[in-house]
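A.B. asks: Questions regarding the structure given below will be posed in turn.
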Amino acid sequence: LGNGGSTLHALRCLEEQYGDQWTSFTVLLIHSGGYSQRLPSASALGKIFTALPLGCPVWQMLELKLAMYMDFPQHMAPGVLVSCSDDIELYSTAATESITFDKAGFTALAHPSELEVGTTHGVFVLDPSSLSGKGGLQYGACHRFLHKPDLQTMQQSGAVFLRGNGPQPSCPGSQGGSQCVYTDSVFYMDQGTARQLLLFYKQMGTLCCEIDAYGDFLQALGPGATPEYTRSSSNDCREGSGLVEVRQQLYSLLRGTPLNVIVLTNSHFYHIGTAQEYLLHLTAQSKLSFELGLQPVAFSILPGTARSSGGLSIIQSVLEPGCVLGPGSVIEHCRVGAGAHVGKGCIVSGSCINSSAHIPSSCFLSSVSVKISGQVEFVTMVFGVADDLKKTVKSLSDLHSLQFFGASLPECLGLWSIEASDQLFSSKDTHLGLWTARIFPVCSTRSESVRVSLNMLTSVLHKSPFTLSGFQLLSVEEMLTYKDVQDMLKFRKQIYDEICLQRQKEKSDY
């Protein structure tokens with residue numbers, strides 16, 4: 001469906017449950033997270049339930065979203081506010097100013113960003129003459145919306161402005177450091193527009209392609225919108241028969257609909273949807289860490305004998321004495337045994353790490369509970385933090401271009417005694433990649449699963465054989481098909497209860 005299709009489907013569910021009554025609602029619609037291929041520790045449970053090193057007990061992204069948006073409903077006409085689950089919007093306005101969503105059509109928040117940020121986000125071509133207000137909060141109109149534009153397109157479209165108290169057109173020759181573009185985050189649509197989109201969805205019947213709520217809805221808006229984007233495949237990895245036709249129908253439907261903007265001059269937009277961004281914002285002295293007050297150790301048991309080098313983020317985990325933790329790593333919902341070693345720049349999630357375990361630097365490791373033939377078992381995915389799980393090739397002869405922790409996939413398969421064949425991949429098409437490769441062994445316990453997957457990784461790092469021929473193997477794609485959410489939540493609850501008991505004991509001892 002994509003986040004556009006899921007938005008339309010959610011509107012239909014509201015109508016089915018509430019009838020015409022839903023048209024009087026103010027609705028917060030947060031996309032829970034898709035496949036999360038760039039941060040697969042969030043794949044099984046959804047990005048919206050990502051734990052943050054904040055609060056006691058820890059907050060999830062959902063709680064943070066509700067806190068950030070808590071003032072919106074009282075200043076919102078009936079309609080739908082659409083947000084993603086892997087971004088954070090922080091802003092400052094005067095005490096007497098409030099963000100109001102009450103105009104017809106679409107209304108979007110706009111944040112000043114570096115030009116490079118604009119190439120991977122949506123960018124507003126603002127109409128400076130329409131702006132009203134001053135300081136940190138200004139209302140205006142958007143001439144056109146650009147989806148992941150290149151630098152030249154932003155310059156030629158008039159999307160580049162000078163930094164200051166508000167959008168000021170940039171002159172040729174202006175220094176790059178003083179320039180900015182205004183990028184997207186949250187958007188609102190009034191009830192009339194939401195009903196219009198719902199009617200379109202019902203008339204479509206079944207969606208035959210993936211629709212993007214940002215690229216396919218917002219690019220149709222504003223007086224400067226043109227239909228060229230409907231035929232463009234640049235910056236678009238989506239495939240499916242009928243995408244161009246659906247885009248053209250959406251353009252015809254939404255053409256002429258206003259795109260209002262709320263320019264938040266004193267604001268920061270943070271994206272934590274990739275492994276690199278996640279590590280940067282949670283473990284470094286980042287602006288986000290400072291502004292939110294993120295904690296290096298959040299609701300965890302960390303004995304004084306555990307050795308760490310700082311720059312860590314430990315979230316709802318139990319660490320035993322004598323474990324060694326490298327700098328710049330995130331450890332969430334884990335048990336780490338005495339003497340275990342975690343390298344620097346790692347992401348370790350939902351796992352039981354044995355005392356003898358050694359997790360190399362820049363390692364991504366995440367355990368998933370699966371239910372196969374009624375039996376709960378465990379699989380641990382392990383990758384390099386920089387591995388590209390989205391990359392695919394179309395034939396077995398191209399597998400050498402897929403990299404697993406710095407080695408080519410065929411080299412790894414040889415070390416693991418796995419044959420490169422069509423049966424190696426769980427995908428039903430010709431898109432072969434790390435996401436669909438059946439290389440991760442199913443084990444009876446969580447800790448054994450971690451041990452075996454680390455042996456796989458060690459064999460690659462030391463070029464030493466480690467046969468997987470005796471194991472049932474799953475791809476990450478299949479892990480999500482067989483995932484046992486209840487068992488994963490049960491493991492988190494066990495850690496939570498243990499931490500609570502330890503805190504009560506410490507309190508009574510004191």
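The values are calculated or read from the model by the stated rules, or taken from the named source; none is laboratory data. Keep in mind that what you see is a predicted model, and the values were worked out from it rather than measured. Every residue, glycine as well, gets a Cβ built from its backbone with ideal geometry; the counts of neighbours run over all protein chains shown. Please note that ligands, DNA and RNA were not included when accessible areas were found on the heavy atoms of the full protein model with its side chains. Shrake-Rupley method; radii C 1.70, N 1.55, O 1.52, S 1.80 Å.
A.B. asks: At 0.36 nm per residue, minus the direct Cα-Cα distance, what do GLN375 and THR120 gain on full extension? Give it in nm, one decimal, please. Provide the component values of the computation, followed by the final result.
C.D. replies: On the way: separation 255, 0.36 × 255 = 91.80 nm, distance 4.23 nm.
Answer, rounded to one decimal: 87.6 nm.
A.B. asks: Using only Cα atoms, tell me the angle between helix 191-204 and the longest principal axis of the chain; keep it within 0 to 90° and round to the nearest 10.
C.D. replies: 70 degrees
A.B. asks: A further question on this structure: Treating cross-link reach as a plain straight distance, find the aspartates and glutamates whose alpha-carbon is under 20 Å from the alpha-carbon of LYS103, omitting any fewer than eight places away in the same chain.
C.D. replies: Leaving aside aspartates and glutamates fewer than 8 places away in the same chain, those within reach of LYS103 are ASP71, ASP127, ASP184, ASP190.
A.B. asks: Among the trypsin sites (Lys or Arg not before Pro) in the range 246-307, which ones are in a DSSP loop with at most 16 other Cβ atoms within 10 Å of the Cβ? Mind listing them? Please list the in-between numbers first.
C.D. replies: Working: sites: ARG247, ARG255, LYS287, ARG307; in loops: ARG255.
Those satisfying the criteria are ARG255.
A.B. asks: Roughly how far apart, in whole Å, are the Cα centres of the range 408-475 and the range 275-334?
C.D. replies: 29 Å
A.B. asks: In whole Hz, with x marking every Gly and Pro, tabulate ³J(HN,Hα) for the range 23-38 from phi via Karplus 6.51 cos²θ - 1.76 cosθ + 1.60, θ = phi - 60°.
C.D. replies: Ordered by residue, 3J(HN,Hα) equals 5, 9, 7, 9, 10, 9, 10, 10, 6, 6, x, x, 6, 6, 5, 8 Hz.
A.B. asks: Taking a cut-off of 15 Å between Cα atoms, list the aspartates and glutamates near LYS391, but don't count ones fewer than 8 places away on the same chain.
C.D. replies: Cross-link targets: ASP236, GLU239, ASP429, GLU477.
A.B. asks: Karplus couplings for the range 104-110 from phi (6.51 cos²θ - 1.76 cosθ + 1.60, θ = phi - 60°), rounded to Hz, Gly and Pro as x?
C.D. replies: With coefficients 6.51, -1.76 and 1.60, one gets 5, x, 9, 9, 10, 6, 10 Hz.
A.B. asks: With every protein chain present, what is the per residue accessible area of the chain (1.4 Å probe, Å²)? Don't skip to the answer; put the middle values down first.
C.D. replies: Working: 21960 Å² over 510 residues.
Accessible area per residue: 43 Å².
A.B. asks: Next question, about the same structure. List every residue whose amide H lies under 5 Å from the amide H of HIS121, counting only residues 5 or more places away in sequence or on a different chain, with H placed 1.01 Å from N in the peptide plane.
C.D. replies: LYS148
A.B. asks: Taking a cut-off of 26 Å between Cα atoms, list the lysines near LYS390, but don't count ones fewer than 8 places away on the same chain.
C.D. replies: Output for LYS390: LYS47, LYS148, LYS344, LYS371, LYS428, LYS463, LYS483.
A.B. asks: Let me ask something else about it. Counting other Cβ atoms within 10 Å, keep those with at most 14, restrict to DSSP loop, and tell me which trypsin sites (Lys or Arg not before Pro) in the range 417-475 are left. Present the calculation step by step, with values, prior to reporting the outcome.
C.D. replies: On the way: sites: LYS428, ARG438, ARG446, ARG451, LYS463; in loops: LYS428, ARG438, LYS463.
Loop-located and lightly packed - LYS428, LYS463.
A.B. asks: Separate question: Could you report the accessible area of VAL370 in Å², rounded to 10, computed with a 1.4 Å probe on the protein chains as they sit in the structure?
C.D. replies: VAL370 has an accessible surface of roughly 0 Å² with all protein chains in place.
A.B. asks: Amide H of VAL336 versus every other amide H placed in the peptide plane: which residues, excluding those fewer than 5 positions away on the same chain, fall under 5 Å?
C.D. replies: Placed amide hydrogens put VAL318, LEU319, GLU320, ILE353 under 5 Å from VAL336.
A.B. asks: Can you give the convex hull volume of the alpha carbon atoms of the range 380-496 per residue, in Å³?
C.D. replies: Working: hull volume 13.1 nm³, N = 117.
Dividing the Cα hull volume of the range 380-496 by its residues yields 112 Å³.
A.B. asks: In what order, largest first, do MET204, MET76 sit by accessible area if the probe radius is 1.4 Å? List each step's numbers first, then the result.
C.D. replies: Numbers: MET204 50, MET76 25 Å².
Descending order: MET204, MET76.
A.B. asks: Name the long-range amide H neighbours of VAL27: under 5 Å, sequence gap of 5 or more, or other chain; modelled H, no Pro or chain starts.
C.D. replies: For VAL27, the qualifying residues are GLY79, VAL80, LEU81.
A.B. asks: Select from the range 47-81 those chymotrypsin sites (Phe, Trp or Tyr not before Pro) which occupy a DSSP coil region and have at most 16 other Cβ atoms within 10 Å, ordered by residue number. Present the calculation step by step, with values, prior to reporting the outcome.
C.D. replies: Working: sites: PHE49, TRP59, TYR69; in loops: TRP59, TYR69.
For chymotrypsin sites (Phe, Trp or Tyr not before Pro) across the range 47-81 that sit outside H, G, I, E and B with at most 16 neighbouring Cβ atoms in 10 Å, the list is empty.
A.B. asks: Cα axis of helix 2-18 to longest principal axis of the chain: angle in degrees, 0 to 90, nearest 10?
C.D. replies: Compared with the principal axis, the helix lies near 80 degrees.
A.B. asks: Residue by residue, what Karplus-based ³J(HN,Hα) values in Hz, rounded to whole numbers, does the range 83-91 have, using 6.51, -1.76 and 1.60 with θ = phi - 60° and x for Gly and Pro?
C.D. replies: Rounded to whole hertz, the list is 9, 8, 9, 10, 10, 10, 10, 10, 8.
A.B. asks: Once you wrap a convex hull around the alpha carbon atoms of the range 275-499, what is its projected area averaged over all directions, in nm²?
C.D. replies: On the way: hull surface 50.0 nm².
Orientation-averaged projected area of the Cα hull: 12.5 nm².
A.B. asks: Here's something else I'd like to know. Antiparallel versus total DSSP beta bridges in the range 275-499: what percent is that, nearest 5? All intermediate terms of the calculation are to be shown ahead of the outcome.
C.D. replies: Working: 19 of 41 bridges.
Close to 45 percent.
A.B. asks: I've got another one for you. Mind giving me the nanometre distance, one decimal, between the label points for SER130 and ASP20, set 7 Å out from Cα along Cα→Cβ?
C.D. replies: About 3.2 nm separates the two model spin labels.
A.B. asks: May I ask you to derive the relative contact order of the range 275-499, considering only C-alpha pairs under 8 Å and at least 6 residues apart, and to give it as an integer percent?
C.D. replies: Working: 533 pairs, mean separation 36.1, N = 225.
Relative contact order for the range 275-499 comes out at 16 percent.
A.B. asks: For the chain, which whole percent of the accessible surface, found with a 1.4 angstrom probe, sits on carbon and sulfur atoms? Can you show the working numbers first?
C.D. replies: On the way: 11330 of 21960 Å².
Ligands and nucleic acids excluded, carbon and sulfur reach 52 percent.
A.B. asks: Report the label-to-label distance for ALA104 and TYR482 in nanometres (one decimal), using points 7 Å from each Cα along the Cα→Cβ vector.
C.D. replies: 5.5 nm
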